[in-house]
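As structure tokens, the structure follows; a few thoughts come after it.
The values are calculated or read from the model by the stated rules, or taken from the named source; none is laboratory data. Computed from a prediction, not measured in an experiment: that's the story for all the values here. Here the Cβ positions follow ideal geometry from the backbone for every residue, glycine too, while neighbour counts run over all protein chains shown.
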Amino acid sequence: MNRHLLLLTLAQGLFLINNVTFIAINGLVGLQLAPQPWMATLPVMGYVVGGAMAAPLVARTQTRWGRRGSFQIGLVVALGSALLAAYAAASRHFGLLMLATVVAGYYNANGQLYRFAAAELVAPDWREKAVSLVLAGGLLGGIIGPNLAAWTRVLLPTPFVGAYLALAGVALLAMGVIAGIRFPAVHAHAAHAPRGRSLGQIMRQPVFVVATLGAAMGYGVMNLLMAATPLAMDVLGFDFGVTAMVLQWHVIGMYAPGFFTGGLIKRFGVLTIMGVGVLLNIACVGVALVGVELHHFLASLTLLGVGWNFLFTGSTTLALQAYRPEERDRAQAVINFCVFATMAFTSFASGALVTTQGWTWLNVGSLVPIAITGLALAWLALRQRVAPRIG
């Protein structure tokens with residue numbers, strides 16, 4: 001843990017404060033402003049659609065301006081979009097809220113690269129632990145994010161305007177943190193510089209396919225259930241403070257394991273830990289189907305968070321095997337685009353399903369992507385076991 005890695009861990013925490021607060025309040029603000037109830041989570045969807053749209057642009061800015069320059073641009077966008085969202089909520093303008101969340105997606109696309117940047121700040125033997133530790137910085141978001149939403153919900157006459165303004169302050173703080181990090185120099189892409197393999201060659205690798213699928217499906221299932229939770233609990237009559245507490249433990253479950261996930265991966269192997277993540281997701285759904293009391297939501301969402309951590313940390317570590325340094329920006333852009341595209345779909349589906357089909361069927365439907373992820377991991381494990389024998 002060097003100084004630069006520590007600062008990047010803090011930046012990850014501030015990024016997750018933004019993410020968790022957005023998830024906690026955007027669906028509820030959307031429910032207040034949307035013309036139809038099923039449109040409630042469209043602002044949540046806008047955040048990830050904006051991330052998907054921004055992923056190729058972020059890859060170019062990373063190449064052109066380097067890690068720190070691109071990350072700072074993302075934070076400027078975060079500041080502006082938070083202020084626009086505050087104005088949209090105050091003026092009760094659903095279209096402006098949608099625009100603000102789409103624009104904020106650029107910051108989302110930048111922040112999703114913090115975990116990859118972590119691997120560049122340490123020696124190769126420490127990459128797994130660096131990725132895991134930076135993801136653990138999200139614990140800050142888990143503790144502060146839901147509480148920030150609850151504390152600032154009625155800070156101003158219009159609900160949640162204060163929360164958006166608080167996020168603008170978080171973005172300013174993050175700018176100072178990123179300014180203190182020195183990232184490794186980016187190699188100039190001159191005409192004679194190596195470009196690496198084509199994107200098609202990189203994407204056809206089994207390791208890349210499973211790493212991308214694990215990241216996308218892991219994030220998709222987590223987002224499907226997490227985005228729907230505030231709406232489901234609101235319909236069931238739970239106070240927002242109780243909902244914020246459930247989300248807090250969910251995000252703690254997402255990021256607290258980061259302190260030891262890297263060590264588990266080194267000891268037991270990345271596919272094994274990802275497989276445990278799949279089993280934890282199944283357990284999450286099982287608990288959710290048992291009942292809708294507070295302890296059911298609390299246990300289910302905590303299991304979901306730990307399962308996501310094992311899947312996402314494992315997927316990020318697995319992806320490092322699939323590309324060379326000169327292929328970094330293109331490969332990471334594809335992975336993040338797939339993650340954001342899946343999240344966009346699940347953000348819309350969560351609101352539509354929970355308001356039309358209910359919490360139970362939403363959970364039953366989540367078993368499909370969980371099963372696909374499990375089968376992909378089994379396929380890659382079998383392939384890697386057979387390959388050495390053939391060789």
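Quick notes on this one:
- Test result for Ala331, over 25 Å from Leu367 (Cβ atoms), of a type in the set (A, V, I, L, M), modelled with pLDDT under 95 and not in a helix (DSSP H, G or I): no
- In the stretch 18-29, the residues that are crowded, with 24+ Cβ neighbours inside 10 Å and either free of Cβ contacts under 8 Å to residues at least 60 places away in the same chain or not aliphatic (A, V, I, L, M) (or both): Asn18, Thr21, Phe22, Asn26, Gly27
- The residue pairs whose first member lies in the stretch 279-291 and is within 14 Å of Phe310 (Cα to Cα) and of a type in the set (Lys, Arg), whose second member is at pLDDT 95 or above and assigned to a helix (DSSP H, G or I), and whose beta carbons are closer than 6 Å, counting only pairs six or more residues apart or on different chains, do not exist in this structure.
- For Gln321, the requirement of being out of contact with any Gly (no Cβ under 9 Å at 6 or more places or on another chain) and assigned to a loop (DSSP other than H, G, I, E, B) is met.
- In a residue-by-residue description of the stretch 288-300, the property of being under 19 Å from Leu224 (Cα atoms), of a type in the set (A, V, I, L, M) and surrounded by 22 or more Cβ atoms within 10 Å (Cβ to Cβ) applies to at least one position.
- Note on the stretch 12-43: residues that are in a helix (DSSP H, G or I) and farther than 17 Å from Leu148 by Cβ total 9.
This table checks each residue for (1) touching a residue at least 60 places away in the same chain (Cβ under 8 Å); (2) surrounded by 24 or more Cβ atoms within 10 Å (Cβ to Cβ).
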position: Leu6; (1), (2): no, no
position: Leu16; (1), (2): yes, yes
position: Leu31; (1), (2): yes, no
position: Gln36; (1), (2): no, no
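- The set of residues from the stretch 121-155 being touching a Gly at 6+ places or on another chain (Cβ under 6 Å) and surrounded by fewer than 19 Cβ atoms within 10 Å (Cβ to Cβ) comprises just one member, Leu155.
- Options Ala185, Ala232; residue that is touching a helix residue (DSSP H, G or I) at 6+ places or on another chain (Cβ under 8 Å), in contact (Cβ under 8 Å) with a residue 60 or more places away in the chain and more than 18 Å from Val44 (Cβ to Cβ): Ala185
- Residue in the stretch 113-126 that is within 21 Å of Gly169 (Cα to Cα) and either part of a helix (DSSP H, G or I) or without any contact (Cβ under 8 Å) to a residue 12 or more places away in the chain (or both) present: yes
- Evaluation of Val364 against the conditions (1) more than 30 Å from Ala118 (Cα to Cα); (2) within 20 Å of the chain's Cα centre (by Cα) shows that the sole unmet condition is (2).
- Checking each residue in the stretch 41-61 for being buried (at least 24 other Cβ atoms within 10 Å of the Cβ), closer than 16 Å to Arg328 by Cβ and modelled with pLDDT of 85 or more picks out only Val58.
- Tabulated pairs, the stretch 356-377, first closer than 17 Å to Val287 by Cβ, second hydroxyl-bearing (Ser, Thr, Tyr), C-beta under 9 angstrom, 6+ apart or interchain: Trp359/Thr229; Leu362/Ser350; Asn363/Ser300; Ser366/Thr346
- Looking across the stretch 19-39, the residues that are over 13 Å from Asn110 (Cα atoms) and within 20 Å of the chain's Cα centre (by Cα) come down to Val20, Thr21, Phe22, Ile23, Ala24, Ile25, Asn26, Gly27, Leu28.
One line per residue, one yes/no per condition, for (1) modelled with pLDDT of 90 or more; (2) surrounded by 19 or more Cβ atoms within 10 Å (Cβ to Cβ); (3) more than 28 Å from Arg67 (Cα to Cα):
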{"position": "Leu318", "(1), (2), (3)": "yes, yes, no"}
{"position": "Arg324", "(1), (2), (3)": "no, no, no"}
{"position": "Ser350", "(1), (2), (3)": "no, yes, yes"}
{"position": "Pro369", "(1), (2), (3)": "yes, yes, yes"}
{"position": "Leu377", "(1), (2), (3)": "yes, yes, yes"}
{"position": "Gly391", "(1), (2), (3)": "no, no, yes"}
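- Top-ranked residue of the stretch 192-229 - restricted to ones that are touching a helix residue (DSSP H, G or I) at 6+ places or on another chain (Cβ under 7 Å) and among the basic types (Lys, Arg), ranked as nearest to Gln384 (Cα to Cα): Arg197
- Boolean, Leu96 is hydrophobic (A, V, I, L, M, F, W, C), surrounded by fewer than 23 Cβ atoms within 10 Å (Cβ to Cβ) and in contact (Cβ under 8 Å) with a residue 12 or more places away in the chain: yes
- Count - residues of the stretch 161-201 that are within 18 Å of Tyr323 (Cβ to Cβ) and at pLDDT 90 or above: 2
- Flag if Asn281 is under 15 Å from the mean Cα position of the chain (by Cα), of a type outside the set (A, V, I, L, M), part of a helix (DSSP H, G or I) and buried (at least 18 other Cβ atoms within 10 Å of the Cβ): no
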